[in-house]
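The values are calculated or read from the model by the stated rules, or taken from the named source; none is laboratory data. Treat the numbers as computed from the prediction; the structure is a model and nothing was measured. Here the Cβ positions follow ideal geometry from the backbone for every residue, glycine too, while neighbour counts run over all protein chains shown.
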Amino acid sequence: MTLKTAPHVHIETFGCQMNESDSELVRSMLKQEGFAFTEDRERADVVLVNTCAIRENAHKKIYAHLSELRAIKKQRSLVVGVLGCMAQNLKTELAEKEPLIDVLAGPDSYRQLPLLLANALDAQEQGLRKKAFALDLSEYETYESIMPDRNDGVNAWITVMRGCDNFCSFCVVPYTRGRERSRDPESILLEARDAAVRGFKQITLLGQNVNSYRHVEWDFAKLISAVADTDGIERVRFTSPHPKDFPPALIDTIAAHPKLCKHIHLPLQAGSDRILELMGRNYTGAEYLALVDRIRAIIPDVVLTTDIICGFCSETDAEFRDTCRIVEQAQLDSAYTFKYSERKHTIAARKYADDVPDQVKGQRVLKLVEIQRAITAARNRRYIGKDVEILVEGDATRSPTQSMGKTDGNITVVWEKGTGDFWPGTLITKQIFDASAATLYGE
Ligand code: SAH
Ligand code: SF4
Ligand code: F3S
């Protein structure tokens, strides 16, 4: 690089925890090559946007963000890099539509970023414009030798596998993140120890399909229990497992290890067997319910959460009612509910018509949210009068006079400050005196 001072990079991250974790890797790789980072976009020489493609809304948010960058770039020199799943999914089509983009890099190409950005900065200094793309997916890349430059907080993300081979028919992830591959467990344990030494109290293991983690003689159950043995780490979480292969040994492992959180995010997606089959999920509604029962039999106080898609191709009212019925029977602790959004390249986009009207999708989402809200509120009321253990995170978002933290089951607890101030990362016990569908209130 010919620039006199270190170029300043600002990174904005959209999408899931996997992208948060990737942004930490990108920061680490760029810092090693002499780039500096700034929280202040106005001071940045380079703005990176780590993008998501999961639903059309995600794309819309990013287009809005890019138009803000366009306004800045009209006034001064700025290198813009678009990373992540939307870059990978739309490829050069995105760069052609958005002339402001200098660099596009997909999730498996981040090792090339330092060079691509240095070249883009050099070209800009010389008054040239040259776009650069790094969009190859890899069967091997796991970035396992790179120690992430983590965001502060109590939680450290550790990506244990990349990609996904499930090809659920609605989902773009296999196309944006490529084939499934698991990381060497030794490198994961090294990262866990490093996180503990740096003061992180919780580790969340990430993968699109974590229970298919496999590395020589290691499976996911063995991995999480080894991570949970890390000195200094109080809690270990993971996301997301797939209901189609949830081995009994994994349930037993979670039950047995005190540091493994009793929270499982178990995406249901739909309740009708025909829709589940069209989605390529490989389980029926009854099998999902049986798994929920099996988990609860072994971990009675488990918190179960889910994801549901409303209005998938050809879903009828009766089939939607199947989803409502399964949700009512399962009595899960909470659910994220989405309108189906057709994604480029997916099996559903190629084979099925996106024929449920948007308004109907919206009504179905509202109906499910209402059903689940009542269930969640009732489930949360179980905690009233009980003591819960809380990992303190910091100030509550709603009120500066309150602090917040999470239960082992990942439920938010808030309490008035002044009843003892606790550092983020401390484990405390509080009695719950009230509960809503979103929050528990501690004494
Ligand atoms: N790998 C994770 C899912 C990641 S995406 C898993 O299998 O659990 C998170 C959620 O987004 C999915 O569970 C699904 O409910 C939702 N989703 C994915 N593709 C979608 C689409 N095309 N339209 C609407 N919601 C979608
Ligand atoms: Fe997408 Fe299915 Fe893979 Fe999850 S398991 S990332 S929903 S293809
Ligand atoms: Fe979005 Fe990619 Fe995550 S599409 S949800 S950022 S894996």
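Scanning segment 320-333 for residues that are closer than 22 Å to residue 351 by Cβ and either away from ligand 1 (no atom under 16 Å from the Cβ) or surrounded by fewer than 20 Cβ atoms within 10 Å (Cβ to Cβ) (or both) turns up just one, 322.
For segment 153-164: of the residues being within 14 Å of ligand 2 (Cβ to nearest atom) and not in a loop (DSSP other than H, G, I, E, B), which is surrounded by the most Cβ atoms within 10 Å (Cβ to Cβ)? My answer is 162.
Just to be sure, is residue 62 assigned to a loop (DSSP other than H, G, I, E, B), within 16 Å of ligand 3 (Cβ to nearest atom) and within 20 Å of residue 98 (Cβ to Cβ)? In short, no. Considering the conditions (1) away from ligand 1 (no atom under 16 Å from the Cβ); (2) touching a residue at least 60 places away in the same chain (Cβ under 8 Å), residue 159 is excluded by exactly one of them, (1). The single condition from (1) at pLDDT 95 or above; (2) surrounded by fewer than 17 Cβ atoms within 10 Å (Cβ to Cβ); (3) closer than 22 Å to residue 28 by Cα that residue 167 fails is (3). All conditions in (1) within 23 Å of residue 172 (Cα to Cα); (2) surrounded by 17 or more Cβ atoms within 10 Å (Cβ to Cβ); (3) within 23 Å of the chain's Cα centre (by Cα) hold for residue 356, with the sole exception of (3). Just checking, does segment 280-290 include any residue being away from ligand 3 (no atom under 16 Å from the Cβ), surrounded by fewer than 14 Cβ atoms within 10 Å (Cβ to Cβ) and farther than 23 Å from residue 89 by Cα? Yes, segment 280-290 has at least one match. Note on segment 399-428: residues that are in a strand (DSSP E or B) and over 28 Å from the mean Cα position of the chain (by Cα) amount to 1. Applying the set (1) out of contact with any Gly (no Cβ under 6 Å at 6 or more places or on another chain); (2) over 22 Å from residue 13 (Cα atoms); (3) of a type in the set (Ser, Thr, Tyr); (4) surrounded by 18 or more Cβ atoms within 10 Å (Cβ to Cβ) to residue 176 leaves exactly one unmet item: (2). Among the conditions (1) more than 10 Å from ligand 2 (Cβ to nearest atom); (2) within 18 Å of residue 241 (Cα to Cα); (3) surrounded by fewer than 21 Cβ atoms within 10 Å (Cβ to Cβ), the only one that residue 182 does not satisfy is (3).
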